[in-house]
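Just so it is clear, none of the values below were taken in a lab; they were calculated from the coordinates. Small disclaimer: the values here were computed from a predicted structure and weren't measured. We place every Cβ from the backbone using ideal geometry, glycine too, and count neighbours over all the protein chains shown.
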Amino acid sequence: MVGSAIGEVSGGDVAFEINHPGGYCWGAGTGLNVTPDIQAGDVVSLSFNGVRDAATTTLDIFASDDVIARNRVTSQRMAALAAPFAAHPHVAEVRQAGMIVAFELTRDGNKATAFDSTARIGLRAYRAALDRGVLLRPLGDVLYWMPPYCIDEEALQLLATTTRAAIDHAIEEAGACA
């Protein structure tokens with residue numbers, strides 16, 4: 001390790017940027033005087049609240065609990081729960097990459113007929129889901145499922161039923177031809 005620092009970050013300090021070339025970002029302008037210059041091949045150890053090796057612990061869990069195999073099963077279940085959305089009159093596409101599922105919302109299920117951007121259908125659906133205790137990720141009028149790896153069947157069911165209800169609520173609230 002080329003540079004090292006010991007200190008306590010308080011609520012008013014800037015966040016640290018790990019592996020910043022030149023070491024200019026750590027505590028810039030805060031008086032922390034932390035200027036590490038981490039180079040390729042350096043060994044760096046960080047601890048937060050006295051906890052060290054958190055990354056190693058996480059990797060150990062991935063190995064011992066076979067998280068990847070469990071995620072394959074969960075992603076298949078997510079695909080099955082998402083499939084019926086393809087028939088929804090305002091869903092143009094359902095797509096999936098592993099543990100991420102996306103629903104593209106449009107006026108009539110055709111990608112060429114997007115909702116008016118001022119209708120903010122994705123945001124409306126996000127808020128309706130949040131009111132029901134489910135967190136969706138909206139990017140415009142595309143809603144995403146990005147559940148934690150520990151999600152169980154009951155929570156997956158809740159995710160699916162709430163997503164449908166949230167989409168329907170958003171469409172109704174904005175008007176179907178928004």
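Taken over the stretch 67-174, the alpha-carbon convex hull comes to 83 cubic angstrom per residue. Averaged over residues, the count of other Cβ atoms within 10 Å places the peptides 133-143, 79-89 in the sequence 133-143, 79-89, highest first. In this simple spin-label model, placing a label point 7 Å from the Cα along the Cα-to-Cβ direction at both K111 and E172 gives a separation of 3.0 nm.
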